[in-house]
1. Net charge near W400, counting Lys/Arg +1 and Asp/Glu -1 over other residues with Cβ under 12 Å of its Cβ?
2. Looking only at GluC sites (Glu not before Pro) in DSSP loops with at most 14 other Cβ atoms within 10 Å, what is the longest site-free stretch of the chain?
3. In segment 366-388, which residues have a backbone nitrogen under 20 Å from the label point lying 7 Å from R203's Cα in the Cα-to-Cβ direction?
4. I'm a student and want to see the number: the projected area of the Cα convex hull of segment 299-405, averaged over all directions, in nm².
5. Say R0 is 25 Å: what FRET efficiency, to the nearest 0.05, do A310 and Q190 get from their beta-carbon distance?
6. For the residue pair R161 and T365, what label-to-label distance in nm results when each label sits 7 Å from Cα along the Cα-to-beta-carbon direction?
7. Once the dipole of the chain is set up with Lys and Arg at +1 and Asp and Glu at -1 on Cβ about the Cα centre, which of A109, L153, L94 lies farthest towards its positive end?
8. Separation of segment 32-56 and segment 183-261 by C-alpha centroid, Å?
Amino acid sequence: MIIYCRLVPDRIRSRSPWIEQLATNEAPRPLDADVTTDVVVVGAGIAGVATAFFVLRNTANRVLLIERDRVGRGATGHNAGQLTTYFERPLSDLVDSCGFDQAIAAQRAVDGAWDLLDVMVAESGAQARIDRFVGHMGMFSLNHLQIHLRNSLLRERGGLRPPSCVVSEDADFLDEIPTEYSALYSVVPQSRVRELLGTTDDRYCAVLSDDGGCTNGALLIEQVLRFLQSRYQDRFRFVDHTPVRRIELDAKTAVIHAGEHRVTTSRVVMCTNGFVDHVVKNLVGSDIGAQMHHRVSGTVGYMAGFVEDAVRDAGAISYIRNAIIGQATPYVYVTRRPFGWPQGAATLTCIGGPEISLDDHATYTPDSDFPVEVIKEIDNDIRPIVDSTRAKGLAYDYAWHGLMAYTESRVRLIGFEPRNPLLMYNLGCNGVGFMPSIYGGYRIARLLCGESLEPSIFDPP
Ligand SMILES: Cc1cc2nc3c(=O)[nH]c(=O)nc-3n(C[C@H](O)[C@H](O)[C@H](O)COP(=O)(O)OP(=O)(O)OC[C@H]3O[C@@H](n4cnc5c(N)ncnc54)[C@H](O)[C@@H]3O)c2cc1C
(Lines give C-alpha, C1' and ligand atoms only; values in the text may rest on other atoms or scores of the structure.)
Protein backbone atom coordinates (compact mmCIF):
# COMPACT_ATOMS: atom_id res chain seq x y z
CA MET A 1 0.00 0.00 0.00
CA ILE A 2 1.28 3.50 -0.80
CA ILE A 3 0.93 5.82 2.14
CA TYR A 4 1.01 9.21 0.48
CA CYS A 5 -1.69 10.47 2.85
CA ARG A 6 0.79 10.28 5.69
CA LEU A 7 3.84 11.37 3.72
CA VAL A 8 2.26 13.68 1.16
CA PRO A 9 -0.52 15.89 2.48
CA ASP A 10 -3.80 16.34 0.61
CA ARG A 11 -2.62 19.73 -0.51
CA ILE A 12 0.93 20.30 -1.77
CA ARG A 13 2.06 23.88 -2.14
CA SER A 14 4.54 24.49 -4.95
CA ARG A 15 7.95 25.04 -3.33
CA SER A 16 11.12 25.47 -5.39
CA PRO A 17 14.53 24.87 -3.76
CA TRP A 18 16.03 27.59 -5.99
CA ILE A 19 13.64 30.32 -4.88
CA GLU A 20 14.28 29.43 -1.23
CA GLN A 21 17.93 30.38 -1.65
CA LEU A 22 17.14 33.89 -2.94
CA ALA A 23 17.29 37.05 -0.86
CA THR A 24 14.02 37.66 0.97
CA ASN A 25 14.69 41.17 2.17
CA GLU A 26 14.79 43.05 -1.15
CA ALA A 27 12.46 46.07 -1.07
CA PRO A 28 10.15 46.43 -4.11
CA ARG A 29 11.44 48.96 -6.64
CA PRO A 30 8.66 49.60 -9.16
CA LEU A 31 8.99 52.17 -11.92
CA ASP A 32 8.14 55.48 -10.26
CA ALA A 33 8.20 57.98 -13.16
CA ASP A 34 8.16 58.24 -16.95
CA VAL A 35 11.66 57.65 -18.36
CA THR A 36 13.60 57.64 -21.61
CA THR A 37 16.31 55.08 -22.28
CA ASP A 38 18.11 53.35 -25.17
CA VAL A 39 17.20 49.69 -24.62
CA VAL A 40 14.38 48.20 -22.57
CA VAL A 41 14.71 44.53 -21.64
CA VAL A 42 11.43 42.98 -20.48
CA GLY A 43 11.68 40.02 -18.08
CA ALA A 44 14.30 39.30 -15.41
CA GLY A 45 14.92 35.61 -15.89
CA ILE A 46 18.18 34.23 -17.25
CA ALA A 47 17.35 35.58 -20.72
CA GLY A 48 16.73 39.14 -19.52
CA VAL A 49 19.68 39.28 -17.14
CA ALA A 50 22.05 37.75 -19.72
CA THR A 51 20.76 40.19 -22.34
CA ALA A 52 21.27 43.15 -20.00
CA PHE A 53 24.73 41.83 -19.10
CA PHE A 54 25.99 41.58 -22.69
CA VAL A 55 24.28 44.76 -23.94
CA LEU A 56 25.84 46.76 -21.09
CA ARG A 57 29.20 45.07 -21.56
CA ASN A 58 29.42 45.31 -25.35
CA THR A 59 27.63 48.60 -26.11
CA ALA A 60 27.40 52.09 -24.61
CA ASN A 61 23.58 51.92 -24.41
CA ARG A 62 21.52 52.78 -21.35
CA VAL A 63 19.47 49.75 -20.33
CA LEU A 64 16.27 49.51 -18.31
CA LEU A 65 15.35 45.97 -17.17
CA ILE A 66 11.64 45.67 -16.32
CA GLU A 67 10.19 42.73 -14.37
CA ARG A 68 6.56 42.32 -13.38
CA ASP A 69 7.37 40.09 -10.38
CA ARG A 70 10.87 39.81 -8.92
CA VAL A 71 14.14 38.57 -10.38
CA GLY A 72 14.33 34.83 -11.08
CA ARG A 73 10.77 33.89 -10.11
CA GLY A 74 9.77 32.63 -13.59
CA ALA A 75 10.97 29.43 -15.28
CA THR A 76 14.52 30.27 -14.20
CA GLY A 77 13.51 29.71 -10.57
CA HIS A 78 11.40 26.62 -11.32
CA ASN A 79 13.57 24.44 -13.53
CA ALA A 80 15.86 21.46 -13.00
CA GLY A 81 18.92 23.68 -13.07
CA GLN A 82 20.68 21.51 -15.60
CA LEU A 83 23.29 23.16 -17.82
CA THR A 84 23.34 21.60 -21.23
CA THR A 85 23.48 22.74 -24.84
CA TYR A 86 21.53 20.19 -26.84
CA PHE A 87 18.42 21.25 -28.74
CA GLU A 88 15.07 19.70 -27.88
CA ARG A 89 14.90 18.68 -31.55
CA PRO A 90 17.54 16.27 -32.86
CA LEU A 91 20.33 18.03 -34.73
CA SER A 92 19.67 15.73 -37.71
CA ASP A 93 16.10 17.04 -37.81
CA LEU A 94 17.36 20.64 -37.82
CA VAL A 95 19.78 19.77 -40.63
CA ASP A 96 16.92 18.27 -42.64
CA SER A 97 14.68 21.31 -42.21
CA CYS A 98 17.15 24.22 -42.07
CA GLY A 99 20.20 22.90 -43.92
CA PHE A 100 23.56 21.66 -42.69
CA ASP A 101 25.35 25.01 -42.42
CA GLN A 102 22.70 26.80 -40.36
CA ALA A 103 22.04 23.84 -38.08
CA ILE A 104 25.73 23.29 -37.34
CA ALA A 105 26.34 27.03 -36.87
CA ALA A 106 23.47 27.14 -34.36
CA GLN A 107 24.80 24.15 -32.43
CA ARG A 108 28.28 25.66 -32.38
CA ALA A 109 26.82 28.95 -31.14
CA VAL A 110 24.90 27.33 -28.27
CA ASP A 111 27.89 25.15 -27.34
CA GLY A 112 29.79 28.45 -27.07
CA ALA A 113 27.45 29.48 -24.23
CA TRP A 114 29.76 27.60 -21.84
CA ASP A 115 32.38 30.30 -22.47
CA LEU A 116 29.76 33.05 -22.17
CA LEU A 117 28.63 31.63 -18.83
CA ASP A 118 32.26 31.69 -17.67
CA VAL A 119 32.50 35.35 -18.69
CA MET A 120 29.32 36.24 -16.78
CA VAL A 121 30.49 34.44 -13.66
CA ALA A 122 34.07 35.72 -13.76
CA GLU A 123 33.18 39.36 -14.39
CA SER A 124 30.24 39.50 -12.00
CA GLY A 125 32.01 37.59 -9.23
CA ALA A 126 28.83 35.51 -8.79
CA GLN A 127 29.32 32.92 -6.05
CA ALA A 128 26.36 30.65 -6.83
CA ARG A 129 27.58 27.08 -6.91
CA ILE A 130 28.08 25.69 -10.41
CA ASP A 131 28.84 21.97 -10.71
CA ARG A 132 30.32 20.68 -13.93
CA PHE A 133 30.39 17.03 -14.91
CA VAL A 134 29.67 14.63 -17.74
CA GLY A 135 25.91 14.17 -18.10
CA HIS A 136 24.29 11.03 -19.49
CA MET A 137 21.23 10.06 -21.48
CA GLY A 138 19.75 6.55 -21.42
CA MET A 139 18.46 4.94 -24.63
CA PHE A 140 16.76 1.62 -25.30
CA SER A 141 15.91 1.28 -29.00
CA LEU A 142 17.64 1.20 -32.35
CA ASN A 143 15.69 4.32 -33.29
CA HIS A 144 17.25 6.24 -30.35
CA LEU A 145 20.71 5.11 -31.27
CA GLN A 146 20.40 5.77 -35.00
CA ILE A 147 19.11 9.30 -34.46
CA HIS A 148 21.75 10.18 -31.90
CA LEU A 149 24.60 8.59 -33.83
CA ARG A 150 23.48 10.47 -36.94
CA ASN A 151 23.61 13.65 -34.84
CA SER A 152 27.14 12.69 -33.77
CA LEU A 153 28.19 12.09 -37.36
CA LEU A 154 26.81 15.49 -38.39
CA ARG A 155 28.60 17.13 -35.47
CA GLU A 156 31.84 15.51 -36.54
CA ARG A 157 31.37 16.61 -40.15
CA GLY A 158 30.70 20.13 -38.91
CA GLY A 159 33.89 20.17 -36.84
CA LEU A 160 32.08 19.79 -33.50
CA ARG A 161 33.09 17.22 -30.90
CA PRO A 162 30.57 14.38 -30.83
CA PRO A 163 29.33 13.06 -27.46
CA SER A 164 30.69 9.69 -26.41
CA CYS A 165 28.40 6.69 -26.69
CA VAL A 166 28.37 3.16 -25.31
CA VAL A 167 26.05 0.29 -26.20
CA SER A 168 25.53 -2.76 -24.02
CA GLU A 169 26.76 -6.08 -25.36
CA ASP A 170 23.30 -7.34 -24.39
CA ALA A 171 21.44 -4.86 -26.63
CA ASP A 172 19.25 -6.94 -28.96
CA PHE A 173 19.78 -4.45 -31.83
CA LEU A 174 23.59 -4.49 -31.60
CA ASP A 175 24.02 -6.21 -34.98
CA GLU A 176 21.59 -3.84 -36.69
CA ILE A 177 23.51 -0.61 -36.00
CA PRO A 178 24.63 0.69 -39.41
CA THR A 179 28.37 0.32 -39.96
CA GLU A 180 28.76 4.02 -40.87
CA TYR A 181 28.42 4.72 -37.12
CA SER A 182 30.96 2.13 -35.89
CA ALA A 183 33.58 4.68 -34.91
CA LEU A 184 31.07 6.65 -32.85
CA TYR A 185 30.31 4.14 -30.08
CA SER A 186 31.90 1.31 -28.14
CA VAL A 187 30.39 -1.89 -26.79
CA VAL A 188 30.44 -2.40 -23.01
CA PRO A 189 28.97 -4.82 -20.47
CA GLN A 190 25.44 -4.00 -19.29
CA SER A 191 26.92 -3.36 -15.84
CA ARG A 192 28.68 -0.27 -17.26
CA VAL A 193 25.37 1.03 -18.64
CA ARG A 194 23.80 0.55 -15.21
CA GLU A 195 26.69 2.37 -13.58
CA LEU A 196 26.58 5.37 -15.94
CA LEU A 197 22.81 5.71 -15.73
CA GLY A 198 22.53 4.88 -12.03
CA THR A 199 19.63 2.59 -12.82
CA THR A 200 18.71 -1.04 -12.39
CA ASP A 201 16.22 -0.77 -15.25
CA ASP A 202 17.83 -3.03 -17.85
CA ARG A 203 15.59 -1.81 -20.65
CA TYR A 204 18.20 0.93 -20.95
CA CYS A 205 21.07 -0.52 -22.95
CA ALA A 206 22.88 2.47 -24.48
CA VAL A 207 24.22 5.75 -23.12
CA LEU A 208 25.16 9.06 -24.70
CA SER A 209 27.50 11.21 -22.56
CA ASP A 210 28.44 14.86 -22.94
CA ASP A 211 29.49 17.97 -21.01
CA GLY A 212 26.89 19.01 -18.47
CA GLY A 213 26.47 20.92 -15.27
CA CYS A 214 23.95 22.27 -12.83
CA THR A 215 23.36 25.42 -10.84
CA ASN A 216 20.68 27.40 -9.10
CA GLY A 217 20.05 29.69 -12.06
CA ALA A 218 17.83 32.05 -10.06
CA LEU A 219 20.54 32.62 -7.46
CA LEU A 220 23.13 33.08 -10.18
CA ILE A 221 21.14 35.80 -11.94
CA GLU A 222 20.29 37.52 -8.67
CA GLN A 223 24.03 37.88 -8.11
CA VAL A 224 24.74 38.96 -11.71
CA LEU A 225 21.97 41.55 -11.41
CA ARG A 226 23.54 42.98 -8.26
CA PHE A 227 26.83 43.27 -10.13
CA LEU A 228 25.15 45.12 -13.04
CA GLN A 229 23.50 47.55 -10.61
CA SER A 230 26.80 48.39 -9.00
CA ARG A 231 29.05 48.31 -12.09
CA TYR A 232 26.82 50.34 -14.43
CA GLN A 233 25.17 52.78 -12.02
CA ASP A 234 25.16 55.53 -14.65
CA ARG A 235 23.36 53.59 -17.40
CA PHE A 236 21.55 50.59 -15.92
CA ARG A 237 18.37 50.42 -13.92
CA PHE A 238 16.29 47.47 -12.76
CA VAL A 239 12.65 47.84 -11.78
CA ASP A 240 10.45 45.04 -10.44
CA HIS A 241 6.73 44.73 -9.62
CA THR A 242 6.20 46.57 -12.92
CA PRO A 243 4.18 44.70 -15.56
CA VAL A 244 4.61 45.73 -19.19
CA ARG A 245 1.06 46.00 -20.54
CA ARG A 246 1.37 47.70 -23.91
CA ILE A 247 4.11 48.37 -26.44
CA GLU A 248 3.58 50.94 -29.21
CA LEU A 249 6.07 50.92 -32.05
CA ASP A 250 6.52 53.58 -34.67
CA ALA A 251 9.40 53.95 -37.10
CA LYS A 252 11.96 55.27 -34.63
CA THR A 253 10.55 55.06 -31.14
CA ALA A 254 8.91 52.50 -28.91
CA VAL A 255 6.63 53.62 -26.10
CA ILE A 256 6.14 51.08 -23.35
CA HIS A 257 3.32 51.23 -20.83
CA ALA A 258 4.86 49.71 -17.73
CA GLY A 259 3.13 49.77 -14.38
CA GLU A 260 1.73 53.28 -14.03
CA HIS A 261 4.29 54.93 -16.31
CA ARG A 262 5.57 55.26 -19.86
CA VAL A 263 9.04 54.44 -21.10
CA THR A 264 10.33 55.86 -24.36
CA THR A 265 13.10 53.85 -25.98
CA SER A 266 14.83 52.96 -29.24
CA ARG A 267 14.69 49.18 -28.75
CA VAL A 268 12.74 46.75 -26.65
CA VAL A 269 13.92 43.17 -26.14
CA MET A 270 11.27 40.69 -25.00
CA CYS A 271 12.79 38.14 -22.60
CA THR A 272 9.41 37.00 -21.30
CA ASN A 273 9.83 33.27 -21.99
CA GLY A 274 7.20 33.58 -24.69
CA PHE A 275 3.94 34.07 -22.86
CA VAL A 276 2.00 37.10 -24.00
CA ASP A 277 -0.20 39.10 -21.68
CA HIS A 278 0.71 42.44 -23.14
CA VAL A 279 -0.44 44.22 -26.29
CA VAL A 280 1.94 45.10 -29.11
CA LYS A 281 0.72 47.85 -31.41
CA ASN A 282 2.72 48.32 -34.58
CA LEU A 283 1.92 51.81 -35.85
CA VAL A 284 3.98 51.47 -39.03
CA GLY A 285 3.28 48.03 -40.44
CA SER A 286 1.34 44.82 -40.16
CA ASP A 287 -0.05 43.50 -36.92
CA ILE A 288 2.45 41.91 -34.55
CA GLY A 289 0.35 41.13 -31.50
CA ALA A 290 -1.65 38.29 -32.97
CA GLN A 291 1.39 36.82 -34.70
CA MET A 292 3.26 36.67 -31.43
CA HIS A 293 0.36 35.01 -29.68
CA HIS A 294 0.47 32.16 -32.13
CA ARG A 295 4.19 31.60 -32.01
CA VAL A 296 4.37 29.84 -28.68
CA SER A 297 2.40 27.17 -26.92
CA GLY A 298 2.74 26.44 -23.26
CA THR A 299 3.16 23.45 -21.01
CA VAL A 300 3.57 23.19 -17.28
CA GLY A 301 6.62 21.14 -16.23
CA TYR A 302 6.56 19.39 -12.83
CA MET A 303 9.46 18.44 -10.57
CA ALA A 304 10.00 16.96 -7.12
CA GLY A 305 13.12 16.88 -4.97
CA PHE A 306 14.41 15.24 -1.84
CA VAL A 307 17.38 15.88 0.40
CA GLU A 308 19.67 13.19 1.85
CA ASP A 309 22.26 13.63 4.57
CA ALA A 310 25.01 11.94 2.55
CA VAL A 311 26.96 14.09 0.11
CA ARG A 312 26.79 12.50 -3.36
CA ASP A 313 28.53 13.58 -6.57
CA ALA A 314 26.74 16.12 -8.74
CA GLY A 315 25.29 14.74 -11.96
CA ALA A 316 22.47 14.88 -14.47
CA ILE A 317 20.90 11.97 -16.31
CA SER A 318 17.92 11.82 -18.64
CA TYR A 319 16.07 8.75 -19.81
CA ILE A 320 14.11 8.55 -23.05
CA ARG A 321 10.70 6.92 -22.64
CA ASN A 322 9.32 6.97 -26.20
CA ALA A 323 10.30 3.96 -28.31
CA ILE A 324 10.48 6.37 -31.26
CA ILE A 325 11.98 9.81 -30.67
CA GLY A 326 9.39 12.51 -31.21
CA GLN A 327 6.44 10.54 -29.84
CA ALA A 328 4.34 12.01 -27.06
CA THR A 329 5.76 10.66 -23.77
CA PRO A 330 8.18 13.21 -22.29
CA TYR A 331 11.61 12.00 -21.27
CA VAL A 332 12.38 11.96 -17.56
CA TYR A 333 15.44 13.37 -15.85
CA VAL A 334 17.28 13.54 -12.57
CA THR A 335 19.79 16.09 -11.32
CA ARG A 336 21.80 15.64 -8.16
CA ARG A 337 24.02 18.11 -6.36
CA PRO A 338 25.58 18.97 -2.99
CA PHE A 339 23.07 21.18 -1.20
CA GLY A 340 23.18 23.35 1.90
CA TRP A 341 20.60 22.18 4.42
CA PRO A 342 20.06 23.61 7.88
CA GLN A 343 21.89 20.63 9.39
CA GLY A 344 24.91 21.03 7.10
CA ALA A 345 26.11 19.44 3.88
CA ALA A 346 23.66 17.17 2.10
CA THR A 347 22.55 16.15 -1.40
CA LEU A 348 19.51 17.38 -3.30
CA THR A 349 18.09 15.03 -5.92
CA CYS A 350 15.54 16.51 -8.33
CA ILE A 351 13.27 14.37 -10.50
CA GLY A 352 11.31 15.75 -13.44
CA GLY A 353 9.48 14.80 -16.56
CA PRO A 354 5.69 15.18 -16.27
CA GLU A 355 4.28 17.96 -18.41
CA ILE A 356 0.71 19.13 -18.89
CA SER A 357 -0.35 21.32 -21.80
CA LEU A 358 -1.69 24.69 -20.70
CA ASP A 359 -4.67 23.98 -22.96
CA ASP A 360 -5.59 21.20 -20.50
CA HIS A 361 -4.89 23.33 -17.46
CA ALA A 362 -7.01 26.42 -17.94
CA THR A 363 -6.84 27.38 -14.26
CA TYR A 364 -3.03 27.25 -13.99
CA THR A 365 -1.23 30.06 -12.22
CA PRO A 366 2.39 30.11 -10.99
CA ASP A 367 0.97 29.82 -7.47
CA SER A 368 -1.20 26.77 -8.21
CA ASP A 369 -0.82 23.86 -5.81
CA PHE A 370 1.26 20.90 -6.94
CA PRO A 371 -1.18 18.19 -8.07
CA VAL A 372 -1.12 15.16 -5.76
CA GLU A 373 -1.58 12.84 -8.77
CA VAL A 374 1.63 14.19 -10.31
CA ILE A 375 3.67 13.45 -7.19
CA LYS A 376 2.24 9.93 -7.38
CA GLU A 377 3.25 9.69 -11.03
CA ILE A 378 6.76 10.83 -10.17
CA ASP A 379 7.03 8.35 -7.31
CA ASN A 380 5.38 5.38 -9.05
CA ASP A 381 6.65 5.70 -12.62
CA ILE A 382 9.78 7.84 -12.63
CA ARG A 383 11.53 7.21 -9.30
CA PRO A 384 12.05 3.49 -10.08
CA ILE A 385 13.95 4.47 -13.25
CA VAL A 386 16.05 7.28 -11.86
CA ASP A 387 16.66 6.17 -8.25
CA SER A 388 15.64 2.63 -7.43
CA THR A 389 17.48 2.84 -4.09
CA ARG A 390 14.83 5.24 -2.79
CA ALA A 391 11.88 3.48 -1.23
CA LYS A 392 8.41 4.00 -2.66
CA GLY A 393 6.04 6.40 -0.93
CA LEU A 394 8.57 8.54 0.91
CA ALA A 395 7.81 12.23 1.25
CA TYR A 396 9.44 14.75 -1.07
CA ASP A 397 11.00 17.85 0.47
CA TYR A 398 10.23 20.01 -2.57
CA ALA A 399 7.67 19.89 -5.36
CA TRP A 400 7.42 22.70 -7.88
CA HIS A 401 6.19 23.56 -11.34
CA GLY A 402 7.08 26.08 -14.01
CA LEU A 403 6.04 27.27 -17.43
CA MET A 404 7.72 26.07 -20.58
CA ALA A 405 6.97 27.89 -23.81
CA TYR A 406 7.52 26.00 -27.03
CA THR A 407 8.07 27.93 -30.24
CA GLU A 408 6.72 26.46 -33.47
CA SER A 409 10.23 25.55 -34.58
CA ARG A 410 11.24 24.35 -31.09
CA VAL A 411 14.21 26.66 -31.46
CA ARG A 412 14.71 29.82 -29.43
CA LEU A 413 13.73 33.08 -31.14
CA ILE A 414 16.60 35.54 -31.01
CA GLY A 415 16.69 38.73 -33.04
CA PHE A 416 14.61 41.42 -34.70
CA GLU A 417 10.86 41.24 -35.20
CA PRO A 418 10.62 41.32 -39.02
CA ARG A 419 7.53 43.57 -38.93
CA ASN A 420 9.28 46.23 -36.87
CA PRO A 421 12.91 45.83 -35.84
CA LEU A 422 12.57 48.14 -32.82
CA LEU A 423 11.13 45.04 -31.19
CA MET A 424 13.51 42.15 -30.50
CA TYR A 425 13.16 38.72 -28.90
CA ASN A 426 15.28 36.41 -26.81
CA LEU A 427 12.61 33.92 -25.83
CA GLY A 428 11.14 30.44 -26.11
CA CYS A 429 12.12 28.03 -23.37
CA ASN A 430 11.75 24.89 -25.49
CA GLY A 431 12.50 22.61 -22.55
CA VAL A 432 16.21 23.31 -22.41
CA GLY A 433 16.60 27.04 -22.25
CA PHE A 434 19.22 28.15 -19.78
CA MET A 435 22.34 28.06 -21.95
CA PRO A 436 20.47 29.12 -25.14
CA SER A 437 19.19 32.17 -23.18
CA ILE A 438 22.78 33.19 -22.43
CA TYR A 439 23.75 32.77 -26.06
CA GLY A 440 20.63 34.78 -26.96
CA GLY A 441 21.74 37.68 -24.76
CA TYR A 442 25.13 37.71 -26.43
CA ARG A 443 23.59 37.57 -29.92
CA ILE A 444 21.24 40.46 -29.11
CA ALA A 445 24.23 42.55 -27.99
CA ARG A 446 26.03 41.80 -31.24
CA LEU A 447 22.97 42.84 -33.24
CA LEU A 448 22.71 46.06 -31.24
CA CYS A 449 26.36 46.76 -32.02
CA GLY A 450 25.30 46.81 -35.67
CA GLU A 451 27.02 43.55 -36.57
CA SER A 452 25.57 41.94 -39.66
CA LEU A 453 25.10 38.30 -38.69
CA GLU A 454 24.57 35.40 -41.07
CA PRO A 455 20.94 34.23 -41.35
CA SER A 456 20.25 31.78 -38.57
CA ILE A 457 17.69 29.30 -37.34
CA PHE A 458 17.22 31.65 -34.37
CA ASP A 459 15.89 34.48 -36.59
CA PRO A 460 12.23 35.24 -35.78
CA PRO A 461 10.05 34.28 -38.77
C1 LIG B 1 10.09 22.31 -14.84
C2 LIG B 1 11.14 22.93 -15.73
C3 LIG B 1 12.38 22.32 -15.83
C4 LIG B 1 13.35 22.88 -16.66
N5 LIG B 1 14.60 22.34 -16.67
C6 LIG B 1 15.57 22.92 -17.40
C7 LIG B 1 16.92 22.44 -17.35
O8 LIG B 1 17.24 21.53 -16.60
N9 LIG B 1 17.85 23.05 -18.14
C10 LIG B 1 17.53 24.09 -18.96
O11 LIG B 1 18.40 24.59 -19.69
N12 LIG B 1 16.28 24.58 -19.00
C13 LIG B 1 15.31 24.04 -18.23
N14 LIG B 1 14.07 24.57 -18.23
C15 LIG B 1 13.83 25.75 -19.06
C16 LIG B 1 14.51 26.98 -18.48
O17 LIG B 1 14.24 27.09 -17.12
C18 LIG B 1 14.01 28.19 -19.23
O19 LIG B 1 14.22 28.04 -20.61
C20 LIG B 1 14.73 29.45 -18.79
O21 LIG B 1 14.82 29.56 -17.41
C22 LIG B 1 13.92 30.57 -19.36
O23 LIG B 1 14.45 31.76 -18.94
P24 LIG B 1 13.72 33.07 -19.40
O25 LIG B 1 14.48 34.16 -18.82
O26 LIG B 1 13.51 33.02 -20.87
O27 LIG B 1 12.25 32.95 -18.76
P28 LIG B 1 11.76 33.21 -17.27
O29 LIG B 1 12.74 32.73 -16.28
O30 LIG B 1 10.38 32.67 -17.19
O31 LIG B 1 11.74 34.77 -17.17
C32 LIG B 1 10.78 35.55 -17.86
C33 LIG B 1 10.45 36.73 -16.98
O34 LIG B 1 9.66 37.64 -17.71
C35 LIG B 1 8.74 38.22 -16.82
N36 LIG B 1 7.64 38.76 -17.61
C37 LIG B 1 6.83 38.09 -18.46
N38 LIG B 1 5.94 38.91 -19.02
C39 LIG B 1 6.18 40.15 -18.51
C40 LIG B 1 5.59 41.42 -18.70
N41 LIG B 1 4.55 41.59 -19.52
N42 LIG B 1 6.10 42.47 -18.02
C43 LIG B 1 7.18 42.32 -17.19
N44 LIG B 1 7.77 41.13 -16.98
C45 LIG B 1 7.29 40.06 -17.62
C46 LIG B 1 8.31 37.05 -15.93
O47 LIG B 1 7.74 37.49 -14.72
C48 LIG B 1 9.63 36.33 -15.75
O49 LIG B 1 10.33 36.73 -14.59
C50 LIG B 1 13.07 24.05 -17.40
C51 LIG B 1 11.83 24.68 -17.28
C52 LIG B 1 10.87 24.14 -16.44
C53 LIG B 1 9.56 24.84 -16.31
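1. Spelling it out: positives minus negatives among the neighbours equals -1.
2. Working: sites that count: E26, E169, E260, E408, E451.
Excluding the exposed sites themselves, the longest stretch runs over 261-407.
3. The answer is 374-388.
4. Quarter of the Cα hull surface area: 7.7 nm².
5. Efficiency for this residue pair is about 0.45.
6. 4.7
7. So the residue we want is A109.
8. Centre-to-centre distance over Cα atoms comes out at 17 Å.
The values are calculated or read from the model by the stated rules, or taken from the named source; none is laboratory data. Treat the numbers as computed from the prediction; the structure is a model and nothing was measured. Because the Cβ atoms are built from the backbone with ideal geometry, glycine has one as well, and the counts that use them run over all protein chains shown. We work out accessible area using only protein heavy atoms, side chains counted, and drop any ligands, DNA or RNA first. Shrake-Rupley method; radii C 1.70, N 1.55, O 1.52, S 1.80 Å.
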